[in-house]
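The values are calculated or read from the model by the stated rules, or taken from the named source; none is laboratory data. Computed from a predicted structure; not experimentally measured. Cβ coordinates were reconstructed from backbone atoms using ideal geometry, including for glycine residues, and neighbour counts include every protein chain displayed. Side chains included, ligands, DNA and RNA excluded: accessible areas come from the protein's heavy atoms. Shrake-Rupley method; radii C 1.70, N 1.55, O 1.52, S 1.80 Å.
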Amino acid sequence: MTALLSMEDLTGGYGDADILMDVSLHVDADEIVAIVGPNGAGKSTAMKSVFGLLSIRSGKMLFDGDDITRWAPNRIVQRGICYVPQVDNIFREMSIHENLEMGGFLRKGDLSAAYDRVYTLFPDLKERRRTPAGSLSGGQRQMVAMGRALMLDPKLLLLDEPTAGLSPKYMEQIFQICRDVRDTGVAILLVEQHAKQALAFADRGYVLAAGRNRHEGSGADLLADREVAEMFLGG
Amino acid sequence: MELFELLNFYVIPGIVLGSIYALGAVGITLIFAILRYAHLAHGDLATFGAFVALACVTGMGIPPLAALPIAILVTAAIAVGIDKVFYEHLRDRPKIVTVMASLGIALMLRSVVQVVWGVDTQTYSRGIVRPEDYFGLRIRDRELYTVAALIFLVGGLQLFLTRSKWGKAMRAMSDNPNLALLSGIDNRKVVMLTWVIAGGLCAASGFFLGYNTEIKSMMGWHMLLPMFAAAILGGVGRVEGAVLGGLIVGIAEELSVLVIPSEYKAAMAFAILLFMLLVRPTGLLKGKVL
Ligand SMILES: Nc1ncnc2c1ncn2[C@@H]1O[C@H](COP(=O)(O)OP(=O)(O)OP(=O)(O)O)[C@@H](O)[C@H]1O
Ligand SMILES: [Mg+2]
């Protein structure tokens, strides 16, 4: 079986300097894959590269049979990848419901099935659908951001640090929601600061450092690896 | 001075002038919310709209109010055209470049108006209109139309922004442009829509200034400062704030002649602007994008 997404020897950056050097990774359908690594390793950059937000010097990106390496973001969205950025990932002045509506902007026709799906995953949001998203707590905002990204019914969801700044209880809740989302047939690629918890919960993981692949394997294997543990997981 | 004198000679003209400012200020605030620059050609675009209406009145012999929709459509189209030809290429440059370009467009629009229609003062209809008496309040029909147009146009705009898909897309683009792009919202369409609305409102503003007073090639330029003062006073990016700001500036200008010589009336907008920037730069209703 070929992977849903595969990034092959990708090199690129924001301008002249390359941030990513020969990075390769893949995500299969129905899989949760975590990228971990120290601050500034290029984790967010790797994620943005999938979404066409980077100038790519070499390498390629295949998604579901298409070469999307040089596609523009709005074409990639339409093809079935949705992205939740690390920061500024909601429309603050707009209500929760309007945030979702904007997420489904490209979808023609009736959105009610999409709203139902998001509100089933996030019952908290349904009660507050008229509330401006900017007035919510951090965890609730993250749910709005994920909900917005799910409105187009993507095949692959990119989440950049979905649990940043959240309490352990919320973190568990977000992870559980990720599993629920995956069970509805959406593959997930996420970047995580909480490396141990993320590797424990993901199917597979990649360790990125200084813009390069350092380790990869199943979550359990990476957690068991002594070098990974010493270098990246704080012993 | 008795109450009715105050209302008839200062407050009512202030509300009318304020409504005219408000129509322009709403456009300024929308352009700032979505494109993030101060559009200095706004006043002269209003002048242009007023003269298009004049051309319809004299050329086709229709009444001024019937010429208004035509002026709105033509000015909206011109605004979109100006953006496509001049501003669009500057979008990735520092915003100050576009601000300076808009000053150039202002001068250009004024020259076009002066070449085509001359520099003489003109009117939509001759003769003096006496105000009607409403229980002691003296109001002219044209004054009622002006306020009604403000309510109708801005009310319609608010409905559009809060109910329609593209109106919400405009708010989304103003709120978080990156996320709007990631959601697949086409920013070129949003920008075009913004110019249609701002251009149309601009024409209405110029038309009603001409309808209530006279039509002059410099009229819009003189409105620029009060319109910006109104937008900033209300909180940049806030449509309802721009309306409130417009009314306050208009009423304040008319009332100011009670205490200062009327030649200095125009300084009122400047004073309000300065005061606001010093005391509460985010405006009365907290601005969104500054
Ligand atoms: N928009 C940008 N323009 C230029 N350089 C950038 C930009 N964003 C990030 N960088 C640089 O790219 C490198 C990798 O940044 P990136 O955000 O991908 O790291 P990260 O692994 O996500 O870190 P963190 O854990 O802090 O989120 C850093 O050196 C950063 O300075
Ligand atoms: Mg990051």
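Of the set (1) more than 20 Å from the chain's Cα centre (by Cα); (2) away from every other protein chain (no Cβ under 14 Å), all apply to A:Met94 but (2). Restricting attention to the stretch A:145-195, the residues being under 9 Å from the mean Cα position of the chain (by Cα) and either among the hydroxyl-bearing types (Ser, Thr, Tyr) or within 16 Å of ligand 2 (Cβ to nearest atom) (or both) number 8. When each of B:Phe51, B:Phe86 is tested for being open to solvent by 20 Å² or more (accessible area, probe 1.4 Å) and of a type in the set (Phe, Trp, Tyr), the lone residue that passes is B:Phe86. None of B:Thr121, B:Thr47 is touching a Lys or Arg at 6+ places or on another chain (Cβ under 9 Å), at pLDDT below 95 and among the β-branched types (Val, Ile, Thr) except B:Thr121. Restricting the stretch A:50-65 to residues that are within 23 Å of A:Gly15 (Cβ to Cβ) and more than 16 Å from ligand 2 (Cβ to nearest atom) leaves a set whose member that is nearest to the other protein chains (Cβ to nearest Cβ) is A:Gly52.
Within the span defined as the stretch A:158-180, one or more residues are of a type in the set (D, E, K, R) and closer than 21 Å to B:Leu179 by Cβ. Taken together, the residues in the stretch A:97-116 that are more than 7 Å from every other protein chain (Cβ to nearest Cβ) and outside any helix (DSSP H, G or I) amount to 6. Of everything in the stretch B:249-263 that is assigned to a helix (DSSP H, G or I) and among the aliphatic types (A, V, I, L, M), the residue that is farthest from the chain's Cα centre (by Cα) is B:Leu255.
For A:Met7, the requirement of being part of a strand (DSSP E or B) and more than 16 Å from ligand 2 (Cβ to nearest atom) is met.
Candidates in the stretch A:10-49 are the residues that are polar (S, T, N, Q) and within 26 Å of A:Leu223 (Cβ to Cβ); of these, the one that is nearest to ligand 2 (Cβ to nearest atom) is A:Ser44. Residue check: is A:Ala46 closer than 18 Å to A:Glu8 by Cβ and outside any strand (DSSP E or B)? Yes: the conditions hold for A:Ala46. Of everything in the stretch B:89-126 that is within 23 Å of B:Pro177 (Cα to Cα) and assigned to a loop (DSSP other than H, G, I, E, B), the residue that is least open to solvent (accessible area, probe 1.4 Å) is B:Arg91.
Only helices (runs of 4 or more DSSP H) whose full extent lies in the stretch B:131-192 are considered here, and the ones with at least 1 residues that are away from every other protein chain (no Cβ under 14 Å) and open to solvent by 20 Å² or more (accessible area, probe 1.4 Å) are B:141-163.
Scanning the stretch A:134-144 for residues that are open to solvent by less than 30 Å² (accessible area, probe 1.4 Å), closer than 19 Å to B:Thr162 by Cβ and either away from chain B (no Cβ under 12 Å) or over 20 Å from the mean Cα position of the chain (by Cα) (or both) turns up just one, A:Gly134. Can you tell me which residue among B:Ala106, B:Ala148 is within 19 Å of B:Phe208 (Cα to Cα) and at pLDDT 95 or above? Testing whether each residue is within 19 Å of B:Phe208 (Cα to Cα) and at pLDDT 95 or above leaves just B:Ala148.
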